[in-house]
Structure formats: C-alpha cells, structure tokens
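Written out below as structure tokens is the structure these notes cover.
Please treat every number below as a calculation from the coordinates, not as lab data. Given the structure is predicted, the values throughout are model-derived calculations rather than measurements. When we count neighbours, we look across all protein chains shown, and the Cβ atoms used for this are built from the backbone with ideal geometry, even at glycine.
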Amino acid sequence: MATLKQLALKKDLLAPGHRLCAGCTEPSIVRQILLASDKPVVVANSTGCLEVSTTVYPYTSWRVSYIHNAFENAAATASGIEAAIKALKRKGKKIDDYNVVVFAGDGGTYDIGLQSLSGALERQHKFVYVCLDNEAYMNTGIQRSSATPSYAWTSTTPVGKVEPGKKEPKKDLTLFAVAHNIPYVATASPSHFMDLIRKVEKAFSVNGPAVLNIIAPCPRGWRYPTEMGIKIARLAVETGVWPLYEVEDGKYRITFKPRELKPVEEWLKPQGRFRHLFKPGNEELLEQFKKMVEKRMRTLEIMEKATQED
C-alpha cells in the first residue's frame, strides 16, 4: 500500500479550477482514487455534478483519458473499453495496461444506470465502478433518488403537515453489487482517506469487477455549512449511518469499528434536510431512523462473523 508521503508527491490527475460547489466532497474523493492507481487511468463518467462541473467546454479538469457517458450507460462504456484493450493486445498491438474506472452519482447508479451496471458485473468485466453517493439528484434540482434516506427533505419529497419527507428506505446498492458474486465490493468515506486508498488499490488489483460505494456529502442538498463536508462524512461513519466494510470473495469485513458509536443525532442535526425530525411530534420518526441504523449495523456484524468463520 502506498504511504501518505508517496501519495502526496504524485501529481493530481483532477486539476483545480473546476466548478463543483464549495464544500462538495466529490473532488476530494476523485483525487484520492486517481492517486491510488499504479497504472494510467481511463475514466468513464456518467452525467451528473462531477461531469458538468469538470468539463465545461472548451475546458476540462481531467488529466487522464476521459469519456463522458449518459446516465444509463457508463458501466457499458467501461465494459467496451476493457474489451477493446484486451482485443488490441490479442492482435499484438503495443498498448499500456490501464485501470478502467467509472465515476457516477447515485441517480446514475441506484436508478437510471442499474441495468447497465448489473449486466457489466454479471459479465465479469474488469473495471472499478465508483458510486459518488450524495443521496439525491443534486445536479438537476435535489430530487429524491432511491439512495435518499428515509425522512429526508428533497425538492420532490417536501416536508409538511401531510408528508415527513421521503417515506421509503434507502436502497442498499452495496448488497446489490455483492449479489453478483464479484471479487470485491466496499463502502468508503473521504473522511477515512487511508481506508479509501487501501480499498481502491485492492479494487484495481482484483481479477474482475469491483464496486466502491462512497458517501459524498453535498452542501446544497444536505443543507450544511460548506466547511463541514468532511466532518459530516466522518460523523456518518462514527454514528453507524455509513459503516465502512468490504466484501472480498464473499467474505464480509468491517474495516473501521468505533470503540463506541456516537448518537445518530450528531449526524442528523447539522443537516437542514433533517431539521423537521427534531420538531415536536416527530419523535417517532427519529426513533424509526435510529432503529434502521441499529438494524443495519447488527446485520453487518452477523454477516462478518458468519462469512469469516467459513
């Protein structure tokens, strides 16, 4: 694994000067992932915040080979890139080894691009798929996605006397990827950057597809002060809202275990999208949210114990 000093000496492959919002955590995540690659990188990037903010014609922030994709086909494009590299090598062409990586938001992963991702994983194409999970369609107006947590405010799940925000639970994309029996799946957070780097290095090294689901706090959609992005990401981990774990060849392993989980309220309170949970009359909603977090942590601990014993 590369050391922090070694990573610091490498050239950033995502240049400054992009137009992502102040306080957005996506550029930190992307830089960390690109720094972790030991080979040249080809990026397939679906439509979303990252794409529209880094490729404003005639400029680009990308210092790697880059292909813009529609919401629905980034994984299919990555499959084609990987297959083309293999075909050229079979024909005896001199071509570098590349790491193929997809960057997509939750809208382009949990929802619109799900079939494309599923097909690519089932075919076992070798690439790393990165979901930048900011839990809504932030690029087009903060509409709810299936990654939006229960009771969160979005522009299409408003909070009022009739509705408490989004009523449905968040889809579990990580388990969806695990169900395809691929070599490597993991969750990560920009707050725990060495954990993220280690997982990226492992994802690039496996013989087959890998999926990284990474929490990406958004100041516009989550309604927090711009300077709190990484702190919000850290609190998600420390409260159990976003547990850090990996599934390698079917074996679960929790990669960060706080000595004691912090109260879920510490993650919820700084975010305006959950402000209503702390108003009189919504105590039951807050308790239900906390129970969902506790249940997910218990399930993960059970899976870790069961698969490590095999």
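Tabulated data
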{"read-out": "Partners for LYS305 among lysines (Cα-Cα distance below 17 Å; same-chain residues under 8 apart left out)", "value": "LYS251, LYS257, LYS295"}
{"read-out": "At R0 = 30 Å, FRET efficiency that the Cβ-Cβ distance of GLN124 and ALA8 yields, to 0.05", "value": "0.30"}
{"read-out": "Length added when fully stretched, ALA84-ASP172, from 0.36 nm per residue minus Cα-Cα", "value": "28.5 nm"}
{"read-out": "Helix 74-90 vs. the chain, principal-axis angle (Cα, 0 to 90°, nearest 10)", "value": "20 degrees"}
{"read-out": "Aspartates and glutamates whose Cα lies under 12 Å from that of LYS10, excluding same-chain neighbours fewer than 8 positions away", "value": "ASP38"}
{"read-out": "Label-point separation, VAL206 to GLU227 (7 Å along Cα→Cβ), nm", "value": "3.9 nm"}
{"read-out": "Relative exposure of LEU4, LEU261, LEU175, LEU277, judged by other C-beta atoms within 10 Å (fewest first)", "value": "LEU4, LEU175, LEU261, LEU277"}
{"read-out": "Mean-position separation - Cα centroids, the range 94-121 and the range 237-310, in angstrom", "value": "27 Å"}
{"read-out": "Cut-off 13 Å between beta-carbons: net charge of the residues surrounding ALA44, Lys and Arg +1, Asp and Glu -1", "value": "-3"}
{"read-out": "0 to 90° range, to nearest 10: angle between helix 193-205 axis and the chain longest Cα axis", "value": "40 degrees"}
{"read-out": "Exposure proxy order (Cβ contacts within 10 Å, fewest to most) of GLU266, GLU304", "value": "GLU266, GLU304"}
{"read-out": "Computed E for GLU309/MET194 - FRET, C-beta separation, R0 45 angstrom, nearest 0.05", "value": "0.95"}
{"read-out": "Other-chain or far-sequence residues with amide H under 5 Å of TYR252's (modelled H)", "value": "THR307, GLN308"}
{"read-out": "Cleavage-rule hits, trypsin sites (Lys or Arg not before Pro), the range 241-310, DSSP coil, Cβ neighbours within 10 Å at most 10", "value": "ARG259"}
{"read-out": "On Cα atoms only, tilt of 229-238 relative to the major axis of the chain in degrees", "value": "80 degrees"}
{"read-out": "Cross-link pairs beyond the 18 Å C-alpha cut-off, checked among LYS202/LYS231; LYS170/LYS291; LYS167/LYS290; LYS39/LYS91; LYS171/LYS199; LYS171/LYS290", "value": "LYS202/LYS231; LYS39/LYS91; LYS171/LYS199"}
{"read-out": "Length released on extending from VAL52 to GLU284, taking residue separation times 0.36 nm less the Cα-Cα span", "value": "79.6 nm"}
